[in-house]
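Notes to accompany the following structure.
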Amino acid sequence: MNFLDLLRAVFALAFTLGIIGLAAWAARRYAPQLLAKLSAERGEKRMQVVETLVLDPARRLVLVKIDEEERLLLLGEGRELLEPRGPGAEK
């Protein structure tokens, strides 16, 4: 391997790292606006996660808002438990 091959390899590496840096800069600069635009085109979402609380490595509580109602879910160990809702449950 002579000096010219080594120089060519160094320039190729610098060029590749420059392209990766340019892509990272463009993603940080333009990605949030593109994602917001895509979200606006899909319309209003009906469901969102309000808060999560990790109880232990296998279980977590998740507060989910569906339309204007909040529901509490217990997730973990292959089963899910919804908060009890009966005919007399308050909103």
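Values in this text are rule-based calculations from the coordinates and carry no lab data. Because the structure is predicted, anything quoted here is derived from the model rather than measured. Glycine also receives a Cβ, built like all others from the backbone with ideal geometry; neighbour counts cover every protein chain displayed.
What to note about this one:
- Peptides 49-60, 1-12 ranked from most to least packed by the mean count of surrounding Cβ atoms within 10 Å: 49-60, 1-12.
- Packing-based order for 20-29, 68-77, using average beta carbon neighbours within 10 Å, highest first: 68-77, 20-29
- Potential extension, Leu34-Glu51 segment - 0.36 nm per residue separation minus Cα distance: 3.6 nm
- Taken about its Cα centre, the stretch 1-77 carries a charge dipole of about 360 debye when Lys and Arg each add +1 at the Cβ and Asp and Glu each add -1 at the Cβ.
- A full extension of the chain between Asn2 and Glu44 corresponds to an added length of 9.0 nm, given 0.36 nm per residue minus the alpha carbon distance.
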